[in-house]
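Student: Structure provided below as structure tokens; questions to follow.
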Amino acid sequence: MAQPNVVLHVADVHKRFGGLHALADIDLQVEEGKTHAIIGPNGAGKSTLLNVIIGKLPPSSGQVVFDGTVLTGRKPFQINQLGIARVFQTPEIFADLSVLHNVMIPALAKRDGMFTLNMLRSLDSETGIRAEAEHMLEDVGMINRRDMLAGSLSRGDKRRMELAMCLIQHPRLLLLDEPTAGMSRHDTNTTIELLKKIKSRGMTKVIIEHDMHVVFSLADKISVLAQGRIIADGSPDDVRGNPKVQEAYLGGAH
Amino acid sequence: MNNLMPRNDLFLLLGFTAVVLTMPIWLAPFGAGYPDLLQRFMIFGIFAVGFNILFGLTGYLSFGHAAFFGVGSYAAVWSFKLLTLDAIPAMIFAVLISGLFALLIGFLCLRRSGIYFSILTLAFAQMSYNLAYSVLTPITNGETGLQLTINDPRVLDAAMGQGFAGQPVPTLLGQQMSGYAGFYFCAGFLILSFFIAQRIAGSPFGMMLKAIKSNQTRMQFTGFNTRPYALSAFVISGMYAGLAGALLAVTDPLAGAERMQWTASGEVVLMTILGGVGTLVGPVIGAWIIKYFENILSALNDNILARFWSFLPDGVADVVVKVTSKFVGDGWHLTLGLVFVIIVIFLPGGIMEGVRRLAALFRRSGSSSAKPSARTQPAE
Ligand SMILES: Nc1ncnc2c1ncn2[C@@H]1O[C@H](COP(=O)(O)OP(=O)(O)OP(=O)(O)O)[C@@H](O)[C@H]1O
Ligand SMILES: [Mg+2]
């Protein structure tokens with residue numbers, strides 16, 4: 001058997017906020033094409049871990065390597081241009097722009113790079129990008145909201161749109177911070193289906209989720225984070241049966 | 001034509017052009033149909049259109065754009081002195097120099113955002129103003145202001161054997177730029193400026209600027225380096241300011257440091273907010289209103305007011321004249337302040353928001369009484 005191809009390696013990362021040790025000695029390996037779930041109680045450090053990966057926060061020590069490239073020390077836009085996109089826990093969207101434009105912008109970032117001075121070209125002539133964005137909106141079931149202001153969407157729709165904004169870039173690595181929070185059961189299931197579809201296309205995903213239904217229907221591997229440490233790591237079945245996890249997180253709920 | 005610009009944009013541009021070119025006619029009844037004031041309408045319209053590219057699209061509020069206006073004026077006058085009295089080289093020179101200056105100041109100020117950015121621009125502009133007044137006197141001629149003299153070298157004119165008898169004045173291909181010629185010259189530039197601003201707002205680049213205003217964090221995590229975008233907007237608006245400053249020097253070839261003072265920077269902020277931040281037409285209207293007030297109200301005095309109110313009974317007229325006189329002449333700022341406060345409180349989107357609300361009102365009352373055939377048309 002060939003060695004599994006590790007595409008993201010978080011190596012010995014620590015993150016301190018003053019006296020708070022938010023991430024302690026994190027070592028995480030994410031394999032190419034797999035869906036890696038990170039679960040853990042509130043305040044465990046899950047979002048902080050994503051913040052360190054995408055360059056929003058510098059780690060106190062340690063480093064993050066993506067496909068042989070050290071991410072630590074790079075700017076967020078450089079990290080995105082390497083092929084990493086993220087859905088945030090609280091949606092980060094362009095509230096004053098239309099849904100369509102929200103999705104066109106990341107597509108332009110992918111095509112034109114981090115800066116292009118194309119100010120005499122008409123946006124209306126970008127028919128290719130526009131069609132791509134409309135197609136993406138169809139995929140997430142939001143085409144009928146195309147001309148609405150993004151700020152006026154419901155919380156669940158903002159999230160779906162943000163997912164579309166990430167997917168349109170065809171990232172190699174997609175980081176999802178509670179992508180189904182605030183969604184109805186129906187929308188959650190649609191999103192799971194969508195994420196499964198992407199999985200078959202070979203995109204690597206790291207997903208943070210509280211909803212165990214989502215986790216167990218998507219994850220190939222699960223890491224459990226509690227108080228800044230990884231306390232368990234393995235296949236969904238391993239983790240489900242692990243007594244340490246039951247104690248720290250599942251709390252006997254299952 | 002269709003791939004050059006969308007039809008709505010084309011109609012807006014044509015309408016705007018028509019309104020601008022006929023200003024001498026429709027402004028005459030308001031006492032504003034004279035070239036001197038009309039030129040100022042054009043010049044400050046350009047200043048405001050450019051300022052809006054930075055403030056309206058990107059959301060960065062500069063309190064120092066008068067510095068670029070002033071630099072444009074100085075650069076134009078130097079071009080008149082050293083090269084030629086022709087206006088075109090002066091304009092090009094002024095736009096380039098103010099663009100370079102904006103690149104430097106913008107590079108430094110854009111290291112911060114929000115209020116810190118505003119304060120930095122204010123500080124740099126005040127520094128420029130003080131330098132123009134004192135240390136840089138050899139370039140700016142200090143308090144007196146930079147002006148043209150008979151003994152200026154004007155190497156290009158000299159090489160072409162064009163002498164000038166008497167006090168030199170700027171020209172365009174040999175034509176003097178005074179009166180209505182000056183107005184139409186400036187009007188041409190305002191229309192061009194408007195057209196370019198329209199293109200920028202409707203381009204992918206313009207959408208990025210709006211996205212930066214909306215959520216700069218998201219922009220960065222989407223793969224955009226936002227700094228060069230903001231800097232480009234800053235430089236473009238600085239070049240607009242320089243163009244406006246140069247035009248003022250063309251119509252009145254005397255550049256003084258007071259053009260760079262913070263009150264002048266604040267004025268363009270007021271114009272933009274009054275008319276409607278982020279709209280294309282709003283800033284121009286804001287500029288026109290402020291310049292109208294400045295010129296018309298400040299020229300009124302007690303005698304004119306007494307004549308105006310003379311239809312009232314004597315005692316009443318005296319009181320009314322006394323009260324209204326506080327709002328005109330030197331007190332015109334008071335009127336402007338009142339108008340500004342009223343607009344910002346009741347129409348936070350400026351005059352353009354008022355226009356939009358009126359249009360919506362008409363459309364609603366129009367559609368309820370309209371014939372069925374009109375109702376089948378799409379809402380947009
Ligand atoms: N920028 C910051 N400055 C200081 N403390 C922070 C910062 N970001 C996170 N923390 C703290 O670090 C700890 C971990 O936070 P984090 O947001 O990573 O938790 P989480 O696992 O994502 O929790 P949740 O499930 O509630 O989203 C918390 O105690 C939080 O208060
Ligand atoms: Mg979190």
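Student: Tell me whether region B:303-324 contains one or more residues that are at pLDDT 80 or above and under 17 Å from residue B:270 (Cα atoms).
Tutor: No - not one qualifying residue is present in region B:303-324.
Student: Check residue A:199 against each of (1) farther than 23 Å from residue A:84 by Cβ; (2) under 16 Å from the mean Cα position of the chain (by Cα) and name the one condition it does not meet.
Tutor: The failed condition is (1).
Student: Another question about this same structure. Kindly indicate whether residue A:47 is within 14 Å of chain B (Cβ to nearest Cβ), surrounded by fewer than 22 Cβ atoms within 10 Å (Cβ to Cβ) and either within 16 Å of residue A:176 (Cα to Cα) or within 16 Å of ligand 1 (Cβ to nearest atom) (or both).
Tutor: yes
Student: If I filter region A:187-211 down to residues being more than 16 Å from ligand 2 (Cβ to nearest atom) and acidic (Asp, Glu), which single residue comes out as surrounded by the fewest Cβ atoms within 10 Å (Cβ to Cβ)?
Tutor: Out of the qualifying residues, it is A:193.
Student: Also: List the number of the failed condition for residue A:25; all other conditions in (1) within 16 Å of ligand 1 (Cβ to nearest atom); (2) touching a residue at least 40 places away in the same chain (Cβ under 8 Å); (3) assigned by TED's automatic domain parsing to the domain that holds residue A:206; (4) outside any strand (DSSP E or B) hold.
Tutor: (4)
Student: Considering only residues of region A:212-226 that are within 15 Å of ligand 2 (Cβ to nearest atom) and under 16 Å from residue A:28 (Cα atoms), which is surrounded by the fewest Cβ atoms within 10 Å (Cβ to Cβ)?
Tutor: A:226
Student: From (1) within 16 Å of ligand 1 (Cβ to nearest atom); (2) more than 9 Å from chain B (Cβ to nearest Cβ); (3) of a type outside the set (A, V, I, L, M), pick out the condition that doesn't hold for residue A:86.
Tutor: Every condition holds for residue A:86 apart from (2).
Student: Is it the case, given these coordinates, that residue B:268 is modelled with pLDDT of 85 or more, crowded, with 17+ Cβ neighbours inside 10 Å, under 14 Å from the mean Cα position of the chain (by Cα) and not in a helix (DSSP H, G or I)?
Tutor: Spelling it out, it is not the case that residue B:268 is modelled with pLDDT of 85 or more, crowded, with 17+ Cβ neighbours inside 10 Å, under 14 Å from the mean Cα position of the chain (by Cα) and not in a helix (DSSP H, G or I).
Student: Can you tell me which residues in region B:47-58 are more than 19 Å from residue B:192 (Cβ to Cβ) and either aromatic (Phe, Trp, Tyr) or modelled with pLDDT under 95 (or both)?
Tutor: B:55
Student: Among the listed residues B:146, B:190, identify the single one that is touching a helix residue (DSSP H, G or I) at 6+ places or on another chain (Cβ under 8 Å), more than 14 Å from chain A (Cβ to nearest Cβ), under 30 Å from residue B:19 (Cα atoms) and buried (at least 16 other Cβ atoms within 10 Å of the Cβ).
Tutor: Criteria check complete, one pass: B:190.
Student: Quick one: residue A:136 ticks every box in (1) more than 17 Å from residue A:179 (Cβ to Cβ); (2) more than 9 Å from every other protein chain (Cβ to nearest Cβ); (3) at pLDDT below 95 bar one, so which box is it?
Tutor: Status for residue A:136: all satisfied but (1).
Student: Filter region A:96-120 for residues that are assigned to a helix (DSSP H, G or I), facing chain B (nearest Cβ under 8 Å) and surrounded by fewer than 24 Cβ atoms within 10 Å (Cβ to Cβ) and give the result.
Tutor: A:101, A:110, A:112
Student: Something else: Which ones in region A:1-44 are more than 19 Å from residue A:220 (Cα to Cα) and surrounded by 21 or more Cβ atoms within 10 Å (Cβ to Cβ)?
Tutor: The answer is A:13, A:15, A:22, A:23, A:26, A:44.
Student: Can you give me the number of residues within region A:73-95 that are over 21 Å from residue B:213 (Cβ atoms), surrounded by 21 or more Cβ atoms within 10 Å (Cβ to Cβ) and either within 16 Å of ligand 2 (Cβ to nearest atom) or among the β-branched types (Val, Ile, Thr) (or both)?
Tutor: Residues flagged as over 21 Å from residue B:213 (Cβ atoms), surrounded by 21 or more Cβ atoms within 10 Å (Cβ to Cβ) and either within 16 Å of ligand 2 (Cβ to nearest atom) or among the β-branched types (Val, Ile, Thr) (or both) within region A:73-95 amount to 4.
Student: Return the total of residues in region A:51-81 being in a helix (DSSP H, G or I) and more than 11 Å from chain B (Cβ to nearest Cβ).
Tutor: Of the residues in region A:51-81, 2 are in a helix (DSSP H, G or I) and more than 11 Å from chain B (Cβ to nearest Cβ).
Student: Out of all the residues in region A:165-186, is one or more crowded, with 21+ Cβ neighbours inside 10 Å, of a type in the set (A, V, I, L, M), in a loop (DSSP other than H, G, I, E, B) and within 12 Å of another protein chain (Cβ to nearest Cβ)?
Tutor: Yes, because at least one residue in region A:165-186 is crowded, with 21+ Cβ neighbours inside 10 Å, of a type in the set (A, V, I, L, M), in a loop (DSSP other than H, G, I, E, B) and within 12 Å of another protein chain (Cβ to nearest Cβ).
The values are calculated or read from the model by the stated rules, or taken from the named source; none is laboratory data. No experiment lies behind these values; they were computed from the predicted model shown. Methodologically, a virtual Cβ is constructed for each residue, glycine included, from the backbone with ideal geometry; neighbour enumeration extends over all protein chains shown.
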